[in-house]
Amino acid sequence: MMQHEHEVQKAICQYLDLRGVCYWAVPNGGQRNLVVAKKLKAEGCQPGVPDITIIHEGLYYGLEVKKPATVGSRKGVLSLTQKAMIERIKEAGGEVAVVYSVADVIEQCIDWHMNVL
């Protein structure tokens, strides 16, 4: 079964809900017309922002969700814009991880010493 980023992110959000984590999705993707795109940019939307924002014990954690590798397709990769934004976030003191599954999120929460398990 081919897994798309949408399905992976949905499963991650279900896991975070079960654990009572303070998080939200950042809907930066998708097609928008020029008027809407200009309005969002003027309101502060930034390209490359991670898909999910977590706030835990006053700290920022970002999850960039990518499609896992499957038979016949490679795993998703970061764009140059995403790489640059991840570096900006880390330089500002935040944490960001690229994840491909709920298991990756669990492992990352352990690495970040987040008591959400």
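For segment 51-117, place one equal point scatterer on every Cα, skip the solvent, and apply the Debye formula. What is log10 of I(q)/I(0) at q = 0.13, 0.27 Å⁻¹? Here the Debye-derived log intensity ratios amount to -0.39, -1.27. When restricted to Cα atoms, segment 30-85 yields an Rg and a Dmax of 14.6, 41 Å, respectively. Extent of the chain along its three principal axes (Cα atoms, max minus min coordinate, largest first): 42, 41, 25 Å. In the full protein context, segment 38-93 carries 64 Å² of accessible surface per residue, based on a 1.4 Å probe and ignoring ligands, DNA and RNA. With all protein chains in place and a 1.4 Å probe, the accessible surface of segment 1-66 carries 57 percent carbon and sulfur.
For the chain, the antiparallel share of DSSP beta bridges with both residues in that region comes to about 65%. The calculated pair-distance distribution of segment 2-65 uses every alpha carbon pair, bins of 5 angstrom beginning at 0, and gives 4, 15, 23, 21, 17, 13, 7, 1 percent.
Spin-label model, residue 25 to residue 42: label points 7 Å out along the Cα-to-beta-carbon direction sit 2.7 nm apart.
The values are calculated or read from the model by the stated rules, or taken from the named source; none is laboratory data. Remember, it's a predicted structure, so these values are computed and weren't measured experimentally. Ideal geometry is used to build each Cβ from the backbone, glycine not excepted, and the neighbour counts take in all protein chains shown. Each accessible area value is taken on the protein alone, full model and side chains, heavy atoms only, with ligands, DNA and RNA left out. Shrake-Rupley method; radii C 1.70, N 1.55, O 1.52, S 1.80 Å.
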